[in-house]
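Okay, so here's the structure we're looking at.
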Amino acid sequence: MQSNELILQLQQKNEKAFQRIYEMYAENIFGVIYTILRDETLSEEVLQDVFVKVWNKADSYSEKKGRFFTWILNIARNAAIDKTRSVAFKNLQQNQTADYFVDILEEKSNFSNKMDAIGIKKYINILEPICKKVIDLLFFKGYTQKEASEELDIPIGTIKTRNRICINKLREVLEV
């Protein structure tokens, strides 16, 4: 079955199409969520929420606005970031062990594993170093543009421009 047919069936609330889409994307989407949350149980909960949103909002997807995977990825990324901003998540983070924080510090520099979570490592490696840093902070670590600006010590306007340029370069690489 072609992707477009599958999406159309999902939009018509076909449960088998939804199940197939879940099978196709759940593992990669979980990887993105886990990269942001670093908690397996919470990541599974957010994954469930993401696919409930996919089911409920399938009719809002339009091929004209972008690829289906990107649409789901944005839902997942936003849901994971929302979770990190919740009071419950912040309280949970305060109760983590020292080992957890050592892992985070080691993970900060481990960009390649994060890119593997959604299978785009080979594409991002083509980009220039500043693009790698901006994409890592904004999309894989869930930073806001302001936080990325502070982390990289670059004006926020430059971050916004870099983000747009880098995403456009990534789109060009993916379309080849």
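Observations, loosely collected:
- Dipole of segment 1-95, positive end: most advanced residue of Gln19, Tyr34, Ala79 [Cβ charges, Cα centre]: Ala79
- Mean separation of Cα contacts under 8 Å (6+ apart) over length of segment 1-95, as relative contact order %: 31 percent
- Peptides 60-69, 138-147, 17-26, 165-174 ordered by average Cβ neighbours within 10 Å, highest first: 138-147, 17-26, 165-174, 60-69
- Summary of the geometry: segment 1-35 and segment 123-146, compared by the centres of their Cα atoms, lie 26 Å apart.
- Above-threshold pairs, the threshold being 32 Å between Cα atoms, out of Lys16/Lys64; Lys13/Lys133; Lys57/Lys146: Lys13/Lys133
Readers should treat all values here as calculations from the given coordinates under stated rules, not as data from a laboratory. As the structure is a prediction and not an experimental result, all values here were calculated from the model. Heads up, the Cβs are rebuilt from the backbone with ideal geometry, glycines too, and the neighbour counts pull from every protein chain shown.
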